[in-house]
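Notes follow once the structure below has been shown.
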Amino acid sequence: YRAKIEHVPGVSAVCIWQWYGGAYKDARDQRNFFARLAVDPQTIFQVHPDFIISPEAQAAFQKERTACIADAALAKRLGWKVGDVIPLTGDIFPGDIQLKLVGTYTSDDPQEALLMSWKYISEGMPAGAQGNIGSYLVLVDTPQQVSSVSRTIDAMFANSPAPTRSESEHDFAVSFLAFLGNLKVFLGAVAGA
C-alpha cells in the first residue's frame, strides 16, 4: 500500500501509524492510558514536521530497535526520563515489550502519545501477520488536495482484499475517540451484567 500511496499526485510523505494498544502498569487505572503507536521512525518526522525533537533523540529513535519517544507532556505526567525503560504488556499484539525512552518531542497539537518502531513490533508477530498495517499517515502538499487525494487512494484499493477508508486526521481522531467511548460503555455494560 505504502509504495502505491507515495506515488499519488499531491502526496508529500507517508508513514505507518499503527495503534499498538497494550497496557502500561495497571490498565484499569485511567491515569495509565495514553496513545501507544507503532510508526516508521524514518518517515514520521516527514509526515509530522511539527514534531520538535533534538537531533540526537531523532537519530537514536531511528537507529535503536527498541527505542521510543514520547510527547513531552506525557513524559512529564508519568515521570519518565530519557533512558527509562518503559514496559508494555501486549493485548492486540502478542507479548510483552521493553522500550527505551530516547527522547521527547513537542508539537503544536500535543497528543500524549508514545511512539515506537513498527518494525520492532512486527518482528514479534506470527509469521503470517508480519507486515499487516492498520493505518498510514499521509502528508498532502496542500489542504485543498486532501479530498482528491483521499478519493484517489480509496479508489486504488476499492477492489483489494483490504479496501481503505481515507479521512482527515481530525476526522480520524473524532471517530477513534467515539469508538473508545463506545468501547467503555460496552465494557461497562458487560461488567454490570
Qualifying residues in the range 128-146 (those that are in a loop (DSSP other than H, G, I, E, B) and at pLDDT below 85) - the one surrounded by the most Cβ atoms within 10 Å (Cβ to Cβ): I133
Hey, L88 farther than 20 Å from Y20 by Cβ, of a type in the set (A, V, I, L, M) and touching a residue at least 60 places away in the same chain (Cβ under 8 Å) or not: no
Residues of the range 5-31 classified as at pLDDT 90 or above and surrounded by fewer than 13 Cβ atoms within 10 Å (Cβ to Cβ), total: 1
Single unsatisfied condition, F176 versus (1) open to solvent by 50 Å² or more (accessible area, probe 1.4 Å); (2) modelled with pLDDT under 85; (3) not in a helix (DSSP H, G or I): (3)
Candidates L74, L101, L78 - the one that is within 20 Å of G22 (Cα to Cα), at pLDDT 95 or above and in contact with a Gly (Cβ under 8 Å, 6 or more places away or on another chain): L101
Inter-residue pairs, beta-carbon under 7 Å, first more than 20 Å from P110 (Cα to Cα) and in the range 47-67, second open to solvent by 60 Å² or more (accessible area, probe 1.4 Å) and not basic (K, R), 6+ apart: Q62/Q42; T66/Q98
Residues within the range 45-55 that are more than 15 Å from the chain's Cα centre (by Cα) and open to solvent by 90 Å² or more (accessible area, probe 1.4 Å), tallied: 3
Any hit, the range 11-18, residues being out of contact with any Pro (no Cβ under 6 Å at 6 or more places or on another chain) and within 22 Å of Q98 (Cβ to Cβ): yes
Residue list for the range 6-27, filter: more than 21 Å from P143 (Cβ to Cβ), in a loop (DSSP other than H, G, I, E, B) and in contact with a helix residue (DSSP H, G or I) (Cβ under 9 Å, 6 or more places away or on another chain): Y20, Y24, K25, D26
Near pairs, Cβ below 9 angstrom, 6+ apart or cross-chain, from the range 109-123 (under 10 Å from Y20 (Cα atoms)) to any residue that is among the polar types (S, T, N, Q): M116/T66; W118/Q18; I121/Q18
Near pairs, Cβ below 7 angstrom, 6+ apart or cross-chain, from the range 28-40 (at negative phi and among the β-branched types (V, I, T)) to any residue that is modelled with pLDDT of 90 or more and open to solvent by less than 40 Å² (accessible area, probe 1.4 Å): V39/C15; V39/I16; V39/W17; V39/L115; V39/W118
Single residue of Q58, Q42, Q62 found to be at pLDDT 95 or above, open to solvent by 70 Å² or more (accessible area, probe 1.4 Å) and under 26 Å from R2 (Cβ atoms): Q42
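Inspect the range 74-97 for any residue being in contact with a Cys (Cβ under 6 Å, 6 or more places away or on another chain) and within 15 Å of R36 (Cα to Cα) and give the result as yes or no.
In the first step, residues of the range 74-97 are kept if they are in contact with a Cys (Cβ under 6 Å, 6 or more places away or on another chain); the result is none.
No, the range 74-97 has no match at all.
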Some residue of the range 37-46 being over 26 Å from D141 (Cα atoms) and touching a helix residue (DSSP H, G or I) at 6+ places or on another chain (Cβ under 9 Å): no
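The values are calculated or read from the model by the stated rules, or taken from the named source; none is laboratory data. Fair warning: this is a prediction, and the values are worked out from it, not measured in the lab. Note: ideal-geometry Cβ built from the backbone for every residue, glycine included; neighbour counts use all protein chains shown. Please note that ligands, DNA and RNA were not included when accessible areas were found on the heavy atoms of the full protein model with its side chains. Shrake-Rupley method; radii C 1.70, N 1.55, O 1.52, S 1.80 Å.
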